[in-house]
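The values are calculated or read from the model by the stated rules, or taken from the named source; none is laboratory data. Nothing here was measured: the structure is a model prediction, and the numbers come from that model. We place every Cβ from the backbone using ideal geometry, glycine too, and count neighbours over all the protein chains shown.
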Amino acid sequence: MDSDLRLELYRKMILIRRFEEKTNQMYQKGKITGFCHLYIGEEAVGVGAISAIRETDYVVTGYRDHGQAIAKGVDPKRVMAELFGKEAGVSKGKGGSMHMFDKEKRFMGGDAIVGGDLPLAVGIGFAIKYQKIDDIVLCFFGDGAANEGAFHESFNLASLWNLPVLFFCENNKYGMGTSIERASSIEDLAKRAACYNIEWQIIDGMDVVEVYEATRKTAGRVRSQKRPEMIEAKTYRFKGHSVADPEVYRTKEEVEQWKVRDPIDRLRNKLKGEGILTDEKIKQIDDEVESVCGEAIEFADKSPFPPASAVCEHVYAGKF
Ligand SMILES: Cc1ncc(C[n+]2csc(CCOP(=O)(O)OP(=O)(O)O)c2C)c(N)n1
Ligand SMILES: [Mg+2]
């Protein structure tokens, strides 16, 4: 892979890491409230996969969505404003952390229901087929979501109807405080795809270049063959399930072992070793990213909260 592209992947991962660290700080300060799930440790998955599809392709995901929204090109300012519950947020401040949404960027959420985005991916896939266009849907979901009925229903219909959906499982070994060993009859979840006649593969989710290359090739097949496929990336979250998680279900040693595989450190070391990344360039990227995050916080802080009169807008029920 050429060095410019690898530098770009590195920059995006750093941006998301810093953005999430700032999000955590803002939460502790009381600027952000409610549920808030950080993506720290898993950046290689969102960045690698989303960078490998077209801008016109669709992304759907679960509630660990800030980083993926940014990777899809959603403005970090509007993501932070949404986290703050402000009117300038991508969902007008009414969705919060779990409901990032930007139709223009074809980022179709952000879903608080575990596995809830899988049927949405099938629906979008069906619309693409119906309109005879060549977009695809990249659908992220967790290992916990793979145990939901919606997973099986969605895989069945996507295969039966030949829909262009790339199902992407982020297997971070835990669904809240429950380890995969305690929740699933198999640990390699991608094998389930075979039951629905769907091609599958397992990749290293801590290696952004591997994620990018696997997604690029798979997305190409999904587009040309108009068939769903599944990728399972083995990954790990370095922080708790949400910001309010005491993490009693896993050992500090286990977390430390995974941190050795930090996707950002890995790529930085590789690029430094090849002479592509210098200390000066590292600092330049850090400074750039710092100012993007600082501006996002300032923007979010300045934006007003939505007015009380807007409470019945953008809801199915309408006025009552
Ligand atoms: C249908 C449904 N059941 C239960 C929950 C509560 N819940 C929220 S997150 C979560 C764990 C899901 O884990 P996973 O799919 O592995 O995603 P991760 O948090 O690891 O990214 C659960 C059970 C929910 N939000 N929706
Ligand atoms: Mg999980």
Cβ-Cβ below 9 Å, separation at least six or inter-chain, first residue in segment 186-203 and closer than 15 Å to Phe151 by Cα, second loosely packed, with under 14 Cβ neighbours inside 10 Å and aliphatic (A, V, I, L, M): which pairs?
Arg192/Ile186; Tyr196/Leu160; Asn197/Leu160; Trp200/Ala194
If you go through segment 149-192 one residue at a time, how many are within 13 Å of ligand 2 (Cβ to nearest atom) and more than 19 Å from the chain's Cα centre (by Cα)?
9
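Kindly provide the set of residues from segment 122-134 that are touching a helix residue (DSSP H, G or I) at 6+ places or on another chain (Cβ under 7 Å) and either within 16 Å of ligand 1 (Cβ to nearest atom) or of a type in the set (Val, Ile, Thr) (or both), ordered by number.
Kept after step one, since they are touching a helix residue (DSSP H, G or I) at 6+ places or on another chain (Cβ under 7 Å), are these residues of segment 122-134: 122, 125, 134.
Listed by number, the list holds a single entry, Val122.
Could you tell me how many of the residues in segment 210-232 are touching a Pro at 6+ places or on another chain (Cβ under 8 Å) and part of a helix (DSSP H, G or I)?
Residues meeting the conditions: 2.
Conditions (1) surrounded by fewer than 21 Cβ atoms within 10 Å (Cβ to Cβ); (2) within 17 Å of Thr215 (Cα to Cα); (3) within 16 Å of ligand 1 (Cβ to nearest atom), marked per residue:
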| residue | (1), (2), (3) |
| --- | --- |
| Thr23 | no, no, yes |
| Ile32 | no, no, no |
| Glu42 | no, yes, yes |
| Thr61 | no, yes, yes |
| Ala69 | no, no, yes |
Out of Phe126, Phe140, which single residue is in contact (Cβ under 8 Å) with a residue 24 or more places away in the chain, within 12 Å of ligand 2 (Cβ to nearest atom) and not small (Gly, Ala, Ser)?
Phe140
If you go through segment 100-118 one residue at a time, do you hit one that is within 15 Å of Pro228 (Cβ to Cβ) and of a type in the set (D, E, K, R)?
yes
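Please tell me if Gly89 is within 16 Å of ligand 1 (Cβ to nearest atom) and touching a residue at least 40 places away in the same chain (Cβ under 8 Å). Spell out the reasoning first.
On the way: within 16 Å of ligand 1 (Cβ to nearest atom): no; touching a residue at least 40 places away in the same chain (Cβ under 8 Å): yes.
So Gly89 fails the test.
If I ask for residues that are hydroxyl-bearing (Ser, Thr, Tyr) and either free of Cβ contacts under 8 Å to residues at least 12 places away in the same chain or over 20 Å from Asp57 (Cβ atoms) (or both), which ones from segment 209-264 would you list?
So the first thing to find is which residues in segment 209-264 are hydroxyl-bearing (Ser, Thr, Tyr), and the list is 212, 215, 218, 224, 235-236, 242, 249, 251.
Within segment 209-264, Ser224, Thr235, Tyr236, Ser242, Tyr249, Thr251 qualify.
Report the residue count in segment 44-59 for those that are surrounded by fewer than 23 Cβ atoms within 10 Å (Cβ to Cβ) and either over 17 Å from Arg106 (Cβ atoms) or not hydrophobic (A, V, I, L, M, F, W, C) (or both).
Initially, segment 44-59 is screened for residues surrounded by fewer than 23 Cβ atoms within 10 Å (Cβ to Cβ), giving 51-52, 54-57.
Now narrow it down to the ones that are either over 17 Å from Arg106 (Cβ atoms) or not hydrophobic (A, V, I, L, M, F, W, C) (or both): 51, 54-57.
Counting residues in segment 44-59 that are surrounded by fewer than 23 Cβ atoms within 10 Å (Cβ to Cβ) and either over 17 Å from Arg106 (Cβ atoms) or not hydrophobic (A, V, I, L, M, F, W, C) (or both) gives 5.
Taking strands (runs of 3 or more DSSP E) that fall entirely within segment 92-208, which contain at least 2 residues that are buried (at least 24 other Cβ atoms within 10 Å of the Cβ)? Step through it out loud before you land on a result.
Working: elements: 137-142, 165-171, 199-204.
It comes to 137-142, 165-171.
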The listed residue being under 23 Å from Ser154 (Cα atoms), among the hydrophobic types (A, V, I, L, M, F, W, C), within 16 Å of ligand 2 (Cβ to nearest atom) and modelled with pLDDT of 95 or more, out of Ile202, Ile198:
Ile202
For segment 193-201, state whether one or more residues are under 20 Å from the mean Cα position of the chain (by Cα) and within 15 Å of ligand 1 (Cβ to nearest atom).
no
